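*Asks:* I have a structure here, written as structure tokens, and I will follow up with some questions on it.
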Amino acid sequence: MKRFIYMRPIILVTLTILLNQGTFSFATDTNPTVHRLSYDNNLDTSYVNRLISHGNQLNKENVDSASWLYQNAFKISNLIQYEKGIADAALQLSIIYKKEDQFDSAKYFISISTIFYRKLNVHQGLANSHNMYGSLLRRKGFLASAYDQHKESLKLFQLTNDSVGLAKTYNYLGIVARSLSQYDSSLFYYLRLVKISENLNYHVGLITGMLNIGQVYLELQDYVKAKKYFFQCLDIIDDDGTNYALACNKLGNTFVFESKFDSALIYLNKALTKYRQLNSVSGQAWIILSIGNIYERQNEFIQALDKYNSAKQLFEDIQLKSGILKAYINIAVIHNKLGNYRKSISYYDSSMKLSDDINAMDEQLTIFRNLTQLYLEYGNNAKAIENQTKYIALKDSIFNLEKAKIIADLELKYEKEKNESRILSLENQNLQKDLELRNESNRKNMYLAGIGVFVLITFFSIVYFKLRIRKNKLIAEEEKKLISAQALLEGQENEQQRISKELHDGVGVMLSTANLFSSSIKRLDSDDRELLEKAQDLVKNASIDVHNIARNLMPTALNLYGLTDALAELFDNVDKLPGIYADFFITGEPINLPKSKETMIYRLVQELVNNTMKHAKAKSIDMTLDYGDDSLIITYKDDGVGFDFEKELSKKSIGLKSIQSRIDYLKGKLEFQPLNEVDSAYRFLITIPVKDYVIAK
């Protein structure tokens, strides 16, 4: 009320200047249907009523022109102190601002209309104001307060026997009840809407009620009843317009839930045709998105991708960010299913940026959940854990926001009660005793509200801590898996060392001894001597093989001289093989690392070399070992035929899995850099942190 009183002098001064000029006229050049309204010094209540009536006629065709007329009606009503005109103009302005999602402006004007309608005891206007305010509160998530506003409207329309007003109010109450998942109450209100509309032959109310009843049954997964009401809508719709498209859309979605995709496509295409006739771009885009979902459910991913891209383009044409975001997420899912790992990641990144812009937290939850699954499928556990952690944190945040919204809803109800008490005290100063009783009642309500808030906070705090415990348990399990993997790798290396030692010190020595004994035998016939020489050759070859196996299991150079010499020996041996060249370079100052770390790095490089020898058909191998202050960087490449990296990851190649496991053990990072666009050759870039493991020389 204060806001309104403060702005009245400004309006008064402005309109006084216009009046002193002798003529007060309104016109708009943007729409020829807005007639010039001109009266010489004749600003009266009938003129205000004409402005509002003319605005009502233009409201559907030209919202800007209608808004202009309502604003001037509001100003003139202030000037001539026409309180009914103030209330009527304010109500219409609140409706326009609500459509434009300008919540604060809509709330301001609806508060003005409520004050003046109550003062004038205009029940119908006051009921419409309560419905309008309830609709605003529902959009902001304050469902309990919205329900109270609509109940106030219901009482007022019952007093005035306004059946159309009652029908509209039952629809509002049904929407709020459905938002609260109170489906029994929702059906009750919608059925009352249908009954009143049938008695009045109120076509719009009847169609709205049928569609909403069908939606309730759809959410309850009672598809037979849902289709019954949607088909009834098609039978009674005669305008063949937006309601026809909406009913076909809902029928199509119902068939989708029943997995009856052929029937779903029939009705969705009917809706699409109607939206095209109506030139509704957003309607077309949402239908095409639904059709794409059908193809996705049938594993026809190429067709689904085509539909999602078409929907994305339409959403971008009208700059509907919520639609663009939905299309991005669906496209990312399809690319993942098609094995296009990088494109999927790219679309998820774009989706995340867009969801941040419009604060779409539910979509962000979907993105984090999908990314977690994607990285798990491709063996990137670190990224999977990172996205799972973000998912849990965001879910906690949403939970806290919902808790805050519940508290704010209670506070809003409390403020409403305070305002009502203040208004009653101003209007009924002579009823002091009644006022004291009302204040006492309000205080009790405050105490009850406080207790309720405390109980809610306690409940949500318990739930929050349980969620935190669950999150910590998940993190602990992942850490346990990592420790188990490290222990397994270390156990394998220890076992290889033991086998190498036994081969070298046991079997190797026995073979050498056998060779010495056979060499000491001299007196033999020529035939026996030939057999002996063959036996000696076999013993020598076996001794060499045992030596090589022992050296591969645990290279002598690695134990005696360290990592760099062992790698140099490895590449020297490869270079000696026919048809291949192997170069090994060292940059930086070599550092001493724990034997377990050096062994793991050696095995990692050995696995890379083995992959090249087995699969690449390479003629040359090149590797650089770069020692830095904090990290050790391994750059490995060959000139082989390369491989399809995404395909090998999807097959969970043992070689790549072994390489990745050793890198995870070393807490390193693996990057694949394409060498060219002709084939699938890659350069391996492996970064291993060593700062915490360096051993002083």
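*Asks:* Evaluate region 177-184: report whether one residue or more is closer than 14 Å to residue 220 by Cβ and among the hydroxyl-bearing types (Ser, Thr, Tyr).
*Replies:* Yes, region 177-184 has at least one match.
*Asks:* Please pick out the residue among 326, 343 that is of a type in the set (Lys, Arg), out of contact with any Gly (no Cβ under 6 Å at 6 or more places or on another chain) and buried (at least 21 other Cβ atoms within 10 Å of the Cβ).
*Replies:* None of the other options fit; the residue is 326.
*Asks:* Any idea which of (1) assigned by TED's automatic domain parsing to the domain that holds residue 316; (2) surrounded by fewer than 20 Cβ atoms within 10 Å (Cβ to Cβ); (3) part of a helix (DSSP H, G or I) is the one residue 279 doesn't satisfy?
*Replies:* So the condition that residue 279 fails would be (3).
*Asks:* Next question. Hand me the list of helices (runs of 4 or more DSSP H) wholly inside region 152-268 holding 3 or more residues that are under 28 Å from the mean Cα position of the chain (by Cα) and free of Cβ contacts under 8 Å to residues at least 40 places away in the same chain.
*Replies:* Hits in region 152-268: 203-219, 242-257.
*Asks:* Can you run down the residue pairs with Cβ atoms below 8 Å, 6 or more apart or on separate chains, where the first is in region 664-677 and of a type in the set (Ser, Thr, Tyr) and the partner is modelled with pLDDT under 85?
*Replies:* Short answer, once both residue conditions are applied: 665/485; 665/486; 665/489.
*Asks:* Identify, from the list 636, 627, the residue that is modelled with pLDDT of 85 or more, within 47 Å of the chain's Cα centre (by Cα) and within 30 Å of residue 336 (Cβ to Cβ).
*Replies:* Result of the check over 636, 627: 636.
*Asks:* Answer with yes or no whether residue 632 is touching a strand residue (DSSP E or B) at 6+ places or on another chain (Cβ under 6 Å), of a type in the set (A, V, I, L, M, F, W, C) and within 13 Å of residue 570 (Cα to Cα).
*Replies:* The answer is no for residue 632.
*Asks:* Select, from 53, 94, 105, the only residue that is at pLDDT 90 or above, small (Gly, Ala, Ser), assigned to a helix (DSSP H, G or I) and more than 43 Å from the chain's Cα centre (by Cα).
*Replies:* 53
*Asks:* Only one of these conditions is not met by residue 641: (1) in contact with a strand residue (DSSP E or B) (Cβ under 9 Å, 6 or more places away or on another chain); (2) under 30 Å from residue 338 (Cβ atoms); (3) modelled with pLDDT of 85 or more. Which number is it?
*Replies:* The failed condition is (3).
*Asks:* Let me ask something else about it. Could you give me the residue pairs with C-beta distances under 8 Å whose first residue belongs to region 59-76 and is over 21 Å from residue 111 (Cβ atoms), whose second residue is in a helix (DSSP H, G or I) and among the charged types (D, E, K, R) wherever it lies, and which are 6+ apart or on separate chains?
*Replies:* That search, which allows pairs on different chains as well, returns 63/99.
*Asks:* For residue 98, only one of the following conditions fails: (1) within 28 Å of residue 72 (Cα to Cα); (2) surrounded by 21 or more Cβ atoms within 10 Å (Cβ to Cβ); (3) not β-branched (Val, Ile, Thr). What is its number?
*Replies:* (2)
The values are calculated or read from the model by the stated rules, or taken from the named source; none is laboratory data. Nothing here was measured: the structure is a model prediction, and the numbers come from that model. Glycine gets a Cβ as well: all are built from the backbone with ideal geometry, and neighbour counts include every protein chain shown.
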